[in-house]
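Q: Just dropping this structure here.
The values are calculated or read from the model by the stated rules, or taken from the named source; none is laboratory data. Just so it is clear, the structure is predicted and the values come from calculations on it, not from any experiment. Positions of Cβ are generated from backbone atoms using ideal geometry, with glycine treated the same way; all protein chains shown enter the neighbour counts. Calculation scope for accessible area: heavy atoms of the full protein, side chains included, ligands and nucleic acids excluded. Shrake-Rupley method; radii C 1.70, N 1.55, O 1.52, S 1.80 Å.
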Amino acid sequence: DSDTESEDEPQPIDIDESWLYTFHAGERVWIRTSGGNWHLGQVTGQKTKTGSTREKEGVFYPVIFNSKIRKWFAPLNGDIKPDTKHTRTLLAEAGFL
């Protein structure tokens, strides 16, 4: 259940905050596009890639959103979050929902 969250895991307090989080193929996620808008998407596969993020080397996940757009997103860039109650609350507080 995507609404099951561990109270022990630190969670971001701002929607743009980076978050060291591991995503899995098929997982529903929220992603921020280069235009600054947030969209619901889905991690499309097991294959990831590593590269420079705004913090350090990090993992990038392939995501499909808007039915056809595929791009790579990194939790350490703050541009991908799991589709959870906490994330939806942060999106609402920031005026995106």
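Q: Under 9 Å between Cβ atoms, at least 6 apart or on separate chains: pull out the pairs that start in the range 73-97 with a residue that is without any contact (Cβ under 8 Å) to a residue 60 or more places away in the chain and closer than 12 Å to V29 by Cα and end on any residue that is open to solvent by 10 Å² or more (accessible area, probe 1.4 Å) and among the aliphatic types (A, V, I, L, M).
A: Pairs that qualify, where the first residue is without any contact (Cβ under 8 Å) to a residue 60 or more places away in the chain and closer than 12 Å to V29 by Cα and the partner is open to solvent by 10 Å² or more (accessible area, probe 1.4 Å) and among the aliphatic types (A, V, I, L, M), are A74/V59; P75/L20; P75/V59; R88/L97.
Q: Next question. Output the residue which, of all residues in the range 18-29 that are part of a loop (DSSP other than H, G, I, E, B) and farther than 13 Å from A74 by Cβ, is most open to solvent (accessible area, probe 1.4 Å).
A: H24
Q: For the range 33-48, name all the residues that are part of a strand (DSSP E or B), open to solvent by 30 Å² or more (accessible area, probe 1.4 Å) and either at pLDDT below 95 or of a type in the set (V, I, T) (or both).
A: Result: no residue meets the conditions.
Q: Same structure again: Say we look at the range 61-87 and pick out the residues that are open to solvent by 20 Å² or more (accessible area, probe 1.4 Å) and under 10 Å from the mean Cα position of the chain (by Cα); which of these is nearest to R32 (Cα to Cα)?
A: Going through the qualifying residues, I end up with D79.
Q: Filter the range 23-46 for residues that are touching a strand residue (DSSP E or B) at 6+ places or on another chain (Cβ under 7 Å) and either over 17 Å from R88 (Cβ atoms) or among the hydroxyl-bearing types (S, T, Y) (or both) and give the result.
A: Once the filter is applied, which keeps residues that are touching a strand residue (DSSP E or B) at 6+ places or on another chain (Cβ under 7 Å) and either over 17 Å from R88 (Cβ atoms) or among the hydroxyl-bearing types (S, T, Y) (or both), the range 23-46 yields H24, A25, G26, T33, V43, T44, G45.
Q: Next up: Taking interchain pairs and intrachain pairs at least six residues apart, which have beta carbon atoms under 7 angstrom, with the first residue in the range 30-54 and under 13 Å from D79 (Cα atoms) and the second open to solvent by 60 Å² or more (accessible area, probe 1.4 Å) and in a strand (DSSP E or B)?
A: Here the result reads W30/L40; L40/R28, each pair linking the range 30-54 to a residue that is open to solvent by 60 Å² or more (accessible area, probe 1.4 Å) and in a strand (DSSP E or B).
Q: Going by the structure shown, is L90 outside any strand (DSSP E or B), of a type in the set (A, V, I, L, M) and buried (at least 16 other Cβ atoms within 10 Å of the Cβ)?
A: yes
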